[in-house]
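What follows is a single structure, written as structure tokens, with notes after it.
The values are calculated or read from the model by the stated rules, or taken from the named source; none is laboratory data. Model, not experiment: these values are computed from the prediction. In this analysis, Cβ positions are derived from the backbone assuming ideal geometry, glycine residues included, and neighbour counts consider all displayed protein chains.
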Amino acid sequence: MVKDYYEILGIARQADGKTIKAAYRKLAQKWHPDRNPENVEEAEEKFKEISEAYSVLSDPEKKKMYDLTGSPSGGSGGFKTTGNPFDIFFGRGNPFGARPPRPPSPKRGQSIGTSFNVTLKEALFGGSRDLSYQVHSGCETCQGRGGVEFETCSDCEGSGFTTQQRPGMVVQTSCSTCRGGGQKVKTPCTSCNGHGVIQEDKKLSVQIPQGIKHGNTLRLHGQGGAGFNGGPRGDVLVDVKVDYPDLSGLTDDERSTLE
């Protein structure tokens, strides 16, 4: 059955481009599935039908062929889409403008675990120890993105997602090429060789609190790896091991003196 695209959009056959776009815009806003949560299936069908009509009537060549033959491809009626009509709304050709890509999410830096030994005196009365370690951090030069200059992702055309049409539904997924950012690295960062990660050699003085026990863990907040995309640094977790003196060789009198 031949579809009357003019009737679907509620316009006359003499309608100009502005009228066609305005009609589509009004109907697309009305029937977008996100605006019809209580009747999603009907809204999806209406939306696809409206988008299908707009994709033909907004294209001068397809419109001319449709007016002559009733089909945008020049066949004898009917319409077979080879693309996704939702692309008109979500991506290129969208009269409202494309949906902006999601900015990269901030991610916490790497937290690491290590350990050191303390004397019994340090465990009882406190003290300090120098701690040296290595940690992988998000590159501060490029904020962990791996590049200093970017270009629009060609796979998703900068939208940050791809759309697939399946029977009875339209599925949007984050673009695997640009990871939803809408951009790809054009000029790699020289500080991290485009990896977004560097290895840091760190050294700090750790305060040993009085009365710490064997097996306790000290958490050094913000001393781990630098975060990504503005995320916070990770932590360093230090397992404390107390070196107890060997008292096995002491006499009973010596033990009593120590006690």
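Testing Asp67 on (1) under 20 Å from Lys3 (Cα atoms); (2) at pLDDT 85 or above; (3) of a type outside the set (Val, Ile, Thr), one condition comes back false. Which one is that?
The failed condition is (2).
Is it true that some residue in segment 214-222 is surrounded by fewer than 18 Cβ atoms within 10 Å (Cβ to Cβ), under 24 Å from the mean Cα position of the chain (by Cα) and either within 30 Å of Thr119 (Cβ to Cβ) or not assigned by TED's automatic domain parsing to the domain that holds Val238 (or both)?
Yes, that holds for at least one residue.
Quick one: which residue in Ala53, Ala23, Ala28 is within 29 Å of the chain's Cα centre (by Cα), among the aliphatic types (A, V, I, L, M) and crowded, with 16+ Cβ neighbours inside 10 Å?
Details: Ala53 fails: within 29 Å of the chain's Cα centre (by Cα); Ala23 fails: within 29 Å of the chain's Cα centre (by Cα).
Of Ala53, Ala23, Ala28, the one residue that is within 29 Å of the chain's Cα centre (by Cα), among the aliphatic types (A, V, I, L, M) and crowded, with 16+ Cβ neighbours inside 10 Å is Ala28.
Under the condition of being farther than 12 Å from Val135 by Cβ and not in a loop (DSSP other than H, G, I, E, B), which residue from segment 215-236 is modelled with the lowest pLDDT?
Phe228
Give Thr173, Thr177 a once-over and let me know the one that is of a type in the set (Val, Ile, Thr) and in a strand (DSSP E or B). Reasoning before the result, please.
Values: Thr177 fails: in a strand (DSSP E or B).
Among Thr173, Thr177, only Thr173 is of a type in the set (Val, Ile, Thr) and in a strand (DSSP E or B).
Just to be sure before I move on: is Thr187 at pLDDT 90 or above, among the polar types (S, T, N, Q) and exposed (fewer than 14 other Cβ atoms within 10 Å of the Cβ) in the structure I sent? Talk me through it step by step, then tell me what you get.
Values: at pLDDT 90 or above: yes; among the polar types (S, T, N, Q): yes; exposed (fewer than 14 other Cβ atoms within 10 Å of the Cβ): yes.
Spelling it out, Thr187 is indeed at pLDDT 90 or above, among the polar types (S, T, N, Q) and exposed (fewer than 14 other Cβ atoms within 10 Å of the Cβ).
Take Phe161 and decide whether it is within 16 Å of the chain's Cα centre (by Cα), more than 30 Å from Glu122 (Cα to Cα) and of a type outside the set (Ser, Thr, Tyr).
On the way: within 16 Å of the chain's Cα centre (by Cα): yes; more than 30 Å from Glu122 (Cα to Cα): yes; of a type outside the set (Ser, Thr, Tyr): yes.
Against the criterion (within 16 Å of the chain's Cα centre (by Cα), more than 30 Å from Glu122 (Cα to Cα) and of a type outside the set (Ser, Thr, Tyr)), Phe161 qualifies.
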